[in-house]
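What follows is one structure encoded as structure tokens, with my remarks underneath.
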Amino acid sequence: MTKNLRVKTSKFIDETYKVSFKFNGKTYYGFKGDTLASALLANDIHLVARSFKYHRPRGIMTAGSEEPNAIVQLHKNTSRTEPNVRATEIEIYDGLEASSQNCWPSVNFDIGGINNFLSPVLPAGFYYKTFMWPASFWEKYEYFIRKSAGLGKSPSTPDPDIYEHRYIHCDVLIIGAGISGVMAAKVAAKNGFKTLLIEEKNYLGGETIYQDSEHFKINNQTSGSWLDKEINEIKKIKNLEIKTRTSVAAFHGYNFLLARENLTDHLPIEQRNGKTRQRLLKIRAKKVITATGSLERPLIFDNNDRPGILLSSAINKYASLFGVACGEKNILFTNNDSAYETAANLFKKGISIEAIIDNREEIDSKLIKESEKNNIKIYKGYTIVDTYGYKRINKISIMQLSKDGQKVVGSKILIPCDCLGISGGWTPSVHLFTQSGGKLKFRDNDQVFIPNTYPSDQISIGSCNGDFTLDEILSNISKTLKEFLGINKTGYENLEVQTSFNKSKRNIWLLPSDKIVGKTKSFVDFQNDATAKDIKLALREGFRSIEHVKRYTTTGMGTDQGKLGNMHALGIISEISGSKMGELGTTTFRPPYTPLTFGTIVGRNVGEYFDVYRKTPMHDWHVKNKAKFENVGQWKRAWYYPKNNESMHDAVQRESKAARDSAGILDASTLGKIDIQGTDASEFLNRVYTNAWSKLDIGKCRYGLMLNEDGMVYDDGVTTRLNENHYIMTTTTGGAATVLGKLEDYLQTEWPELDVYLTSVTDHYATISVCGPKSKKIISQVIPNLDLSDDNFPHMSFKDTKINEIKCRVMRISFTGEQSYEINVQANYGKSVWEKCMKAGKEFNITPYGTETMHLLRAEKGFIIVGQDTDATMTPIDLQMNWIVSKKKYDFIGKRSLYRSDTMRDDRKQLVGLLTENPDEILEEGAQIVANFNKSPVEMLGHVTSSYYSPNLKKSIALGFVRGGKNMMGQKLIIPMENKKINVTVADPVFLDKENKRLNA
Amino acid sequence: MFIIHCPYCGEREQSEFKAGGEAHISRPKQPSELSDDQWAEYLFMRKNIKGVQYERWVHTHGCRKWFNIIRDTSNDQIQAVYKMGEKPPIK
Ligand SMILES: [Zn+2]
């Protein structure tokens, strides 16, 4: 039977509201207000997990977000399952189901526990050293590692919850609602600042709120009841917004912070539907007050990780806040006065304390005197040398410390217990402060890092600033707030504070043992199983930088980011290497402070909103006609239109043949369109394209190639001269935005003297391209009033005309090498004009084709596709497009780079055509091209960029890049594949209609 | 995420802007007269210093204007913002 360790009714727990929950399949009861951890402890359950590497039994160690051990999986095998949840943070609710992680088959019997006995062969860097060699063994290792070690399971079905993002702007943000945060919030809000107070717990008041000891008093009341009144008061202030269950995840520069607000995680599952689960708050604050408090340090000694060993402050909190005793035979182990505070509170609640082990020899304070008065045995100048008990601590052994603290002396004393509280002093929570770019300084007298310089308008107050005692906090807060907020009065000037706390401390980072060093297991990072021995090994092996030691030993790399043990790791390194703590620096704390769910990060950007896409005006038609779509940039483009369960290959062959035999129709609306106007428009085009533009007649079109300043092909497209000072430029679909950006850059920064105006009009027009030998007939029906004779409307020209009342621009330009007409109409008429073309083309077998067929048709003609056949390492010369590069123009973007020694090499990779020996064999795009297999290593000459079976040529064709390919015409090369070699011949990249007769057919 | 004071629009979030590298490197007026080394110097060599840096930025999701800023890259503090073609207000 499990015991009931509920000791005394706590005002924070509603004992009239019983809550049933399951842990590892068994039903337990707790009360409303409990965390999973407090409810388990009330049921006398400490063992909740297995450690990561050695699979040692581990218990609840803390009462907050720094918890390294008690991480559980919630609602296993459901869509709401969540791994790595800290039992110390979740509030219990009816129907909660939690289970242990990292144990297989169960937490009580765990196969991986064998690692514990193998630990001599599992030292620091074990994974690096072992699993890297021989590489072929990795597959075998991986199975066992994945099976026996792992941090929970992710859900395998969609998340049913709703998440959202919210922006908040405020004058003053206060992080943490402990005593300092509450006081700061009151002062800021009362002085007219729009204030936001954020607290990760579900209550305000932090560690002080449950403080009802005679030893800590404010204005003659216990600190807890004084603070309670303050809290009631701030709740009424209008310009103060308070958010509980909200955790600040990141503190970025310029006071930009991210916080996660938890809205439903404490509710029974059936009450969550339709509600927002979590909200990501994006906060921009004029001023930030960090009041994140401090975390108690553990002590590092042999076997300091057994279930039943908790932080002393956690034992205090479980007793005072939740009314739960963590054990019946408690021992406290400390190097400072904090443990006596715990002792006083436990005594008051009738929880027995067997002994207090204190590192310090000479101690004296009112608190200590009270423990002595209560007949608690205090071992002064002693240390624990070992603990016993496998799944729960049952005994400790202690010895006297030598004067220098380096050794233990005398004889061993054994003391039985079922719970041990440890206190190694306090570490300010400076994580958020350092995330913001703040720099720390080391305070030698109590060995802590505290904020030193602030990168933005912010301040740290309370114990996160190193003010650990009530009198320090209260005496500093008024002055600090006055300065920071620029105000005259806080109202807290004359507080009367009483405290019995003595600040003396004996800091020993690694406590000595009677065993030799190699034989102890003194854990520094509990979650990642890094011991003091591992750190020493890393130093012996030559690691010096704290960042390297961290990675090698994995200290501080768990989900808790080593909140408990990082300082000890530093301390041990400093002692061994002889360097000062302040000079070592700390490792970098990275966001998030506590883990975030993916749901919170993405908010409403899920499903169809995950990545919004752009549709052309004819999109619905394509959908209705069963098009398959391809993503091009943000666009959805019709890829091909399968008929009657056709395969993609068959559809593309049919579409390609129809486009050359009769007529094809393509939705080209996605191509970028830039309207260019101004008296210097021609000169501007001259400078941005490789070819000449000043002599282009009005009403004519020209293909242009754009380079980067490094000479590499950047974009291409046809530009039309609409008028003397008016052009319309087309760009590739994916390049539209960057081309516009680049042109604007040059205009504004390099050539501000040019009179040129650019407007993106991509979305304003629908573009329909009709091609093929029947295209002229079709267009003549669609636009009967337009004279389509070659004399009036030759290739590469444009006409302004009307379809009924609809204004349109028609260009006679060709993507495919066929005679083609491109109709541009105002976007909202796109679909009706498209349908008109379909209707007119019906008798000519007009066939809609998608991007795949367009690529095939272009490949037949050797037309490159920027981005498919080019990759930003190819000059126009490499593409065998010398004809488009003007030699006469003095300058254009990229020209100078075409004359660099590297771009002029003859053996650069150059565009060639490739024909397979077997005309039915289709090459794979991306395949390597080689000439000679006998030389080792085999020289890679290039690769295939486009490859198709051409239904018009009835053979396979490909484009590729081959080193020195320009001079290899007719040469045989080899394409090596996984299980065969394909013979190819280098050919002219123009496979079809070299004379361009089809343009006027 | 820092806040940038666009000289045309005022204070805006960094996400509205795009960085454009080191400022005050003008495109040579006569590229063909430069040696390969001189052209490479213009084309490839940038300082990328830790400390005070002169940078080009553009208000992409705003007025689309280019301008210069002086930013300390070690702490992201922006010391000045000025228009294209203007001299840096501080040295
Ligand atoms: Zn602007």
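The values are calculated or read from the model by the stated rules, or taken from the named source; none is laboratory data. Computed from a prediction, not measured in an experiment: that's the story for all the values here. Positions of Cβ are backbone-derived with ideal geometry, glycine not excepted, and every protein chain shown enters the neighbour counts. Note: areas computed on protein heavy atoms with side chains; ligands, DNA, RNA excluded. Shrake-Rupley method; radii C 1.70, N 1.55, O 1.52, S 1.80 Å.
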Other protein chain Cβ atoms within 10 Å, averaged over every residue that makes up B:24-35: 3
Among B:M1, A:L47, A:N725 the positive-end extreme of the charge dipole of the protein assembly as shown (Cβ point charges): A:L47
Centroid-to-centroid separation of segment A:878-917 and segment A:35-81 [C-alpha atoms, Å]: 65 Å
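Charges only on Cβ, +1 for Lys and Arg, -1 for Asp and Glu: so what's the dipole of the protein assembly as shown about the Cα centre, in debye to the nearest 20?
Numbers: 147 positive and 128 negative charges, 192 e Å.
So the dipole magnitude of the protein assembly as shown works out to roughly 920 debye.
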Solvent-free Debye scattering, log10 I(q)/I(0), computed from the Cα coordinates of segment A:201-299 at q = 0.12 Å⁻¹: -0.60
Calculated [θ] (222 nm, deg cm²/dmol) that DSSP helices of n ≥ 4 give over the protein assembly as shown, each run adding -39,500 (n - 2.57): -5500 deg cm²/dmol
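What's the ranking of A:68-79, A:308-319 by average number of surrounding C-beta atoms within 10 Å, highest first? Don't skip to the end; give the middle numbers.
Working: A:68-79: 20.8, A:308-319: 27.2.
Ranked from most to least packed, the peptides come out as A:308-319, A:68-79.
Give the average, rounded to an integer, of partner chain Cβ atoms located within 10 angstrom of each Cβ in A:887-895.
Details: counts 0, 0, 0, 3, 6, 1, 2, 2, 2.
Counting other chains' Cβ atoms within 10 Å and averaging over A:887-895 gives 2.
Could you check how much of the accessible area of the protein assembly as shown is carbon and sulfur, as a whole percent, using a 1.4 Å probe? Present the calculation step by step, with values, prior to reporting the outcome.
Values: 23850 of 47210 Å².
About 51 percent, which is the carbon plus sulfur part of the accessible surface.
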Listed residue (A:L707, A:I877, A:V912) projecting farthest to the positive dipole end of chain A, Cβ model: A:V912
Karplus-derived 3J(HN,Hα), 6.51/-1.76/1.60, for each residue of segment A:799-804, Hz, glycine and proline x: 10, 8, 8, 9, 10, 6
Nonlocal amide H pairs with A:I357, under 5 Å, H built at 1.01 Å: A:L332, A:F333, A:T334, A:Y379
Pair-distance profile P(r), taking every C-alpha pair of segment A:905-1000, with 10 angstrom steps and integer %: 16, 50, 26, 7, 1, 0
Spin-label pair A:Y17/B:S74, simplified geometry with 7 Å Cα→Cβ offset, distance in nm: 5.4 nm
Pairwise label distance in nanometres, A:S780 with A:H764, each label 7 Å out on the Cα-Cβ vector: 3.3 nm
Between segment A:286-307 and segment A:362-418, the alpha-carbon center distance in angstrom: 22 Å
Extension gain from A:H548 to A:K282, taking 0.36 nm per residue of separation minus the Cα-Cα distance: 92.4 nm
For segment A:501-512, Karplus couplings with θ = phi - 60° (6.51, -1.76, 1.60), whole Hz, Gly/Pro x: 7, 9, 7, 5, 7, 10, 8, 10, 4, 10, 6, x
Cα centre as origin, Lys/Arg/Asp/Glu Cβ charges: segment A:458-501 dipole, Debye: 180 debye
Amide hydrogen neighbours beyond the local backbone of A:F216, cut-off 5 Å, H modeled: A:S223
Members of segment B:52-66 that become less accessible by 50 Å² or more once partner protein chains are added (1.4 angstrom probe, chain alone as reference): B:R64, B:W66
Charge dipole of chain A about the Cα centre (unit charges at C-beta), most positive-ward option of A:G181, A:I413, A:T945: A:I413
Built amide H within the under 5 Å cut-off of A:W639, gap 5+: A:K628, A:F629, A:E630, A:T851
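With viscosity set to 1.002 mPa s and temperature to 20 °C, compute the Stokes-Einstein D of chain A, Rh being the Kirkwood radius across alpha carbon pairs; µm²/s, no decimals. Present the calculation step by step, with values, prior to reporting the outcome.
Working: Rh = 34.1 Å.
D, rounded to a whole number, is 63 µm²/s.
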Separation of alpha-carbon centers, segment A:425-463 and segment B:1-79, rounded to whole Å: 34 Å
Reach of B:K50 by Cα under 23 Å, taken over lysines that are not fewer than 8 positions away in the same chain: A:K439, A:K441, B:K18, B:K87, B:K91
Where the Cα pairs of segment A:330-418 fall when distances are cut into 5 Å bins, in %: 3, 14, 26, 22, 19, 12, 3, 1
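If you count only protein heavy atoms with a 1.4 Å probe, what accessible area per residue comes out for the protein assembly as shown, rounded to a whole Å²? Don't jump to the answer; show the numbers that get you there.
Working: 47210 Å² over 1092 residues.
Per-residue value: 43 Å².
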Inter-chain shielding of A:705-711 (mean C-beta neighbours from other protein chains, 10 Å cut-off): 2
Segment A:905-1000 - charge dipole about Cα centre, Lys and Arg +1 at Cβ, Asp and Glu -1, debye rounded to 20: 240 debye
Pairwise burial A:B, computed as accessible area of each alone minus the pair, summed, 1.4 Å, Å²: 2300 Å²
